[in-house]
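Asker: Would you mind keeping the following structure in view while I ask a few things?
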Amino acid sequence: MIEAKYRGARPADKAAVLGLLKEMHDEVGMFNMSETKVANKIDTVIQNGVCFVATVGEEIVGTLGLEPGDMWYSDDGFLSERWTFVKKKFRRSTIGKDLLRLADEYGHWSNQPVVAGVFSPNQVARKNALFRRFFHPVGEIFIGGDQDVLRR
């Protein structure tokens, strides 16, 4: 059994989180990745939202990022899940579930709904099933126009 520990990310964790998000993009990313934009988003999430990391020993093996957001038509805020990722060799553990549970608990604690979803054409059914364990489905995502983005 894998013994993981969980904590909020610190600025010093940025490189490790960036490495995980590069792995995530290699597996499921759509569009081309801008490392600069990803690095800036990590800073924003750590400073203004919450970024959880899962560690096994000294290694960061999973992460989930939540950023404050709102809808274009409302002043009501929510926490927008920006990423959830666990390294492949740790996926048979409960780390992914634990990170999603932490996000849900944080939403309850901060009195904000968490808006999360699967924005990838890969393994959608499996990922949706995992997210449904913690969150209620409210829609789907569709891509039109140049669909070559789905084959990257």
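Asker: Tell me whether the stretch 59-76 contains one or more residues that are out of contact with any strand residue (DSSP E or B) (no Cβ under 7 Å at 6 or more places or on another chain), under 27 Å from M1 (Cβ atoms) and surrounded by fewer than 18 Cβ atoms within 10 Å (Cβ to Cβ).
Answerer: Within the stretch 59-76, one or more residues are out of contact with any strand residue (DSSP E or B) (no Cβ under 7 Å at 6 or more places or on another chain), under 27 Å from M1 (Cβ atoms) and surrounded by fewer than 18 Cβ atoms within 10 Å (Cβ to Cβ).
Asker: Report, by residue number, each residue of the stretch 9-35 that is in a loop (DSSP other than H, G, I, E, B) and under 13 Å from F52 (Cα atoms). Walk me through how you get there before you give the answer.
Answerer: Let us first name the residues in the stretch 9-35 that are in a loop (DSSP other than H, G, I, E, B), namely 9-10, 29-34.
Of everything in the stretch 9-35, those that are in a loop (DSSP other than H, G, I, E, B) and under 13 Å from F52 (Cα atoms) turn out to be A9, R10.
Asker: Name the single residue that is modelled with the lowest pLDDT among those in the stretch 90-134 being closer than 21 Å to L20 by Cβ, assigned to a loop (DSSP other than H, G, I, E, B) and among the charged types (D, E, K, R).
Answerer: Of everything passing the filter in the stretch 90-134, R92 is modelled with the lowest pLDDT.
Asker: So how many residues does the stretch 45-58 have that are surrounded by fewer than 15 Cβ atoms within 10 Å (Cβ to Cβ) and touching a residue at least 12 places away in the same chain (Cβ under 8 Å)?
Answerer: Within the stretch 45-58, residues that are surrounded by fewer than 15 Cβ atoms within 10 Å (Cβ to Cβ) and touching a residue at least 12 places away in the same chain (Cβ under 8 Å) number 1.
Asker: For the stretch 135-142, state whether one or more residues are under 13 Å from L66 (Cα atoms), at pLDDT 80 or above and surrounded by 10 or more Cβ atoms within 10 Å (Cβ to Cβ). Spell out how you get there, then give the answer.
Answerer: Within the stretch 135-142, the subset under 13 Å from L66 (Cα atoms) is none.
So far as the stretch 135-142 goes, no, none of its residues is under 13 Å from L66 (Cα atoms), at pLDDT 80 or above and surrounded by 10 or more Cβ atoms within 10 Å (Cβ to Cβ).
Asker: Okay, moving on. Please enumerate the residues belonging to the stretch 58-84 that are within 11 Å of the chain's Cα centre (by Cα) and within 17 Å of F135 (Cβ to Cβ).
Answerer: Matches in the stretch 58-84: L64, G65, L66, E67, S80, E81, R82, W83, T84.
Asker: A54: modelled with pLDDT of 95 or more and assigned to a helix (DSSP H, G or I), yes or no?
Answerer: no
Asker: When you check E3 against the structure, is it out of contact with any Lys or Arg (no Cβ under 7 Å at 6 or more places or on another chain), assigned to a loop (DSSP other than H, G, I, E, B) and in contact (Cβ under 8 Å) with a residue 40 or more places away in the chain, yes or no?
Answerer: Spelling it out, E3 is indeed out of contact with any Lys or Arg (no Cβ under 7 Å at 6 or more places or on another chain), assigned to a loop (DSSP other than H, G, I, E, B) and in contact (Cβ under 8 Å) with a residue 40 or more places away in the chain.
Asker: If you don't mind, another one. Free of Cβ contacts under 8 Å to residues at least 24 places away in the same chain and in contact with a Gly (Cβ under 6 Å, 6 or more places away or on another chain): is that true of D75 in this structure?
Answerer: In short, no.
Asker: Just wondering, is there one or more residues in the stretch 105-124 that are small (G, A, S), more than 13 Å from V28 (Cβ to Cβ) and surrounded by fewer than 16 Cβ atoms within 10 Å (Cβ to Cβ)?
Answerer: yes
The values are calculated or read from the model by the stated rules, or taken from the named source; none is laboratory data. A quick note: this is a predicted structure, and the numbers were derived from the prediction, not measured. All Cβ positions, even for glycine, are placed from backbone atoms using ideal geometry, and neighbour counts span all protein chains on display.
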